[in-house]
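Working notes, structure below.
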Amino acid sequence: MHYDSWVVTMESTLPCPSCGAPSMGRFCDRCGEKRRANHDFSIRHYVGEAIETFTHFDSKILRTAWLLVSRPGVLSANYLEGRRVRYVNPLRLFLLLSVVYYLSNSIFPYNAFTTPLAVQLRMNDYYPSFAVAEVERTMRHTGLEYPALERKYNEKTAILSKTLVFSLIPVIALLFWAFLFKKKRYFTEHLIVATHFWSFALILIGVFIPILLLLLTRLGALLGVSPSIVTADSVPTISIQGVFAVYLFVMLRRVYCVSHWYGGLLAASIAWSFFHIVWLFRFLLFVVTLKSL
């Protein structure tokens with residue numbers, strides 16, 4: 001027997017490094033583990049695997065994000081029907097887009113989820129008295145003056161918001177479950193759709209809204225209009241609610257096959273309540289942040 005053939009034969013009959021099963025071939029018959037070969041330790045193999053992993057992962061993200069934006073509900077419908085291999089997992093997609101959102105927010109601040117203490121105290125129409133009382137109580141408990149407390153709060157809330165943003169998903173899922181109860185879907189299915197909706201929300205608020213505000217600022221400068229007018233809160237608010245209404249309508253029609261009138265009513269209601277839901281998140285973030293100081 002030729003030496004090279006003998007080596008290949010010996011390597012192919014070695015026990016699997018994962019489960020120890022003696023079997024032939026490049027992959028273990030029992031667990032699927034790839035058998036080690038000398039070629040696996042070459043620089044060429046290492047670089048090739050790195051390039052393949054990066055390009056495959058990158059194309060998968062782009063394909064998933066494009067489908068999420070361009071065809072509302074199709075990604076959710078595909079996932080629920082078992083067509084999943086070509087797309088990024090819903091929670092992983094949400095995590096990736098939340099990173100994109102917070103990177104964008106550090107460049108183009110738009111306080112949707114990360115809410116400084118000043119916003120909680122001065123732009124709060126939901127629980128202003130409670131917020132003031134809690135801040136005063138925390139100042140007495142910690143012995144901090146307001147400037148020091150505000151600095152610590154803003155640092156802590158910026159970190160916590162990245163974790164607590166996941167709490168927004170079950171809120172929308174509960175709305176889907178309550179208003180689409182007759183569809184007899186598992187709650188997990190509603191969670192999948194809600195995760196895709198919030199993933200789109202992160203793209204809209206983290207990418208498209210900053211671009212819109214930047215364009216409006218440039219246009220306002222050309223026309224001699226003050227930036228405070230063209231970038232007033234009403235502009236992004238109306239834009240976000242309008243886009244959400246259309247997006248949710250198409251998504252509900254594709255995923256749940258609801259009627260036009262019910263889909264339109266439910267989409268408009270959720271879009272209108274979006275910022276109320278965001279303030280519910282801000283309340284949770286406010287309480288948790290103060291408790292952690």
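The values are calculated or read from the model by the stated rules, or taken from the named source; none is laboratory data. For clarity, every value in this text was computed on a predicted model and none was experimentally measured. Cβ coordinates were reconstructed from backbone atoms using ideal geometry, including for glycine residues, and neighbour counts include every protein chain displayed. Heavy atoms of the whole protein, side chains included, go into the accessibility calculation; ligands, DNA and RNA do not. Shrake-Rupley method; radii C 1.70, N 1.55, O 1.52, S 1.80 Å.
Any residue in the range 115-131 that's on the phi > 0 side of the Ramachandran plot and free of Cβ contacts under 8 Å to residues at least 40 places away in the same chain: show its pairings with residues that are loosely packed, with under 15 Cβ neighbours inside 10 Å and not in a loop (DSSP other than H, G, I, E, B) at Cβ separation under 6 Å, as long as the two are six or more apart or on different chains.
none
Given the conditions (1) at pLDDT below 90; (2) buried (at least 17 other Cβ atoms within 10 Å of the Cβ); (3) not in a helix (DSSP H, G or I), and given that Val225 satisfies all but one, which numbered condition is not satisfied?
(2)
Hey, any hits in the range 164-172 for a residue that's touching a His at 6+ places or on another chain (Cβ under 9 Å), open to solvent by less than 30 Å² (accessible area, probe 1.4 Å) and assigned to a helix (DSSP H, G or I)?
yes
Suppose we keep only residues that are crowded, with 16+ Cβ neighbours inside 10 Å and of a type in the set (A, V, I, L, M) within the range 269-283. Which one would you say is nearest to Thr237 (Cα to Cα)?
Ala271
Which residue out of Thr114, Thr138, Thr157, Thr142 is touching a Pro at 6+ places or on another chain (Cβ under 8 Å), open to solvent by less than 60 Å² (accessible area, probe 1.4 Å) and of a type outside the set (Asp, Glu)?
One residue alone meets the criteria, Thr157.
Within the range 146-153, identify whether any single residue is open to solvent by 50 Å² or more (accessible area, probe 1.4 Å), over 21 Å from Ile277 (Cα atoms), in contact (Cβ under 8 Å) with a residue 60 or more places away in the chain and assigned to a helix (DSSP H, G or I), and answer yes or no.
yes
Regarding Thr188, is this residue under 23 Å from Leu96 (Cα atoms) and surrounded by fewer than 12 Cβ atoms within 10 Å (Cβ to Cβ)?
In short, yes.
Got a sec? Which of Leu80, Leu68 is over 15 Å from the mean Cα position of the chain (by Cα) and modelled with pLDDT of 90 or more?
Residue meeting the stated conditions: Leu80.
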